[in-house]
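Computed from the coordinates by the stated procedures, all read-outs in this text should not be read as laboratory data. Note that the structure is a prediction, hence the values are computed from the model and not measured. Cβ: placed from backbone, ideal geometry, glycine included. Neighbour counts: every protein chain shown.
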Amino acid sequence: MALNDPLSNVLSQINAYEKVGRKDIVTRNNSKTIKKVLSIMQEHKFIGGYEELKDSKGDSLKINLIGNINKAGVVKPRFSVKKDTYEKFEKRFLPAKDFGILVVSTSQGMMSHDEAKKKGIGGRLVSYCY
């Protein structure tokens, strides 16, 4: 898979492996953004964890799945969101209230939409997971 959005590739790979019931994924896509999104997913107990594997062909990520993901995906285009408009996007991307997370890129780094709401800051939507 050599498409233009590595984060989208990783999340769709996670969806596919999760449906089949596999326990882990090894992916060549590796960037700070992907790692940050994965660590937020780990904080919210959607994945077990991830580790970097170093080899001669470049670094890859091994992601441990625990069967908690119904769907994960990227938000395209990356909508700007103000501190008081999160609800609109929660309704659009998440199936129910207080179910799942939106990952937001803010001026204070990437975080879940709940955290951004508490801090009262806006940003750009990156991905969702439930």
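Per-structure values
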item: Packing-based exposure ordering (other Cβ within 10 Å, fewest first) of V20, V75, V10, V37; result: V20, V75, V37, V10
item: Sum of -39500 (n - 2.57) over DSSP H runs of 4+, divided by residues of the chain (222 nm, nearest 500); result: -9500 deg cm²/dmol
item: Out-of-range pairs (alpha-carbon distance over 25 Å; input K36/K82; K62/K82; K32/K97; K23/K118); result: K62/K82; K32/K97; K23/K118
item: Full-stretch length increase - V26, R92 - with 0.36 nm per residue and alpha-carbon distance subtracted; result: 20.7 nm
item: Neighbour-count ranking [beta-carbon atoms within 10 angstrom, fewest first] of L61, L11; result: L61, L11
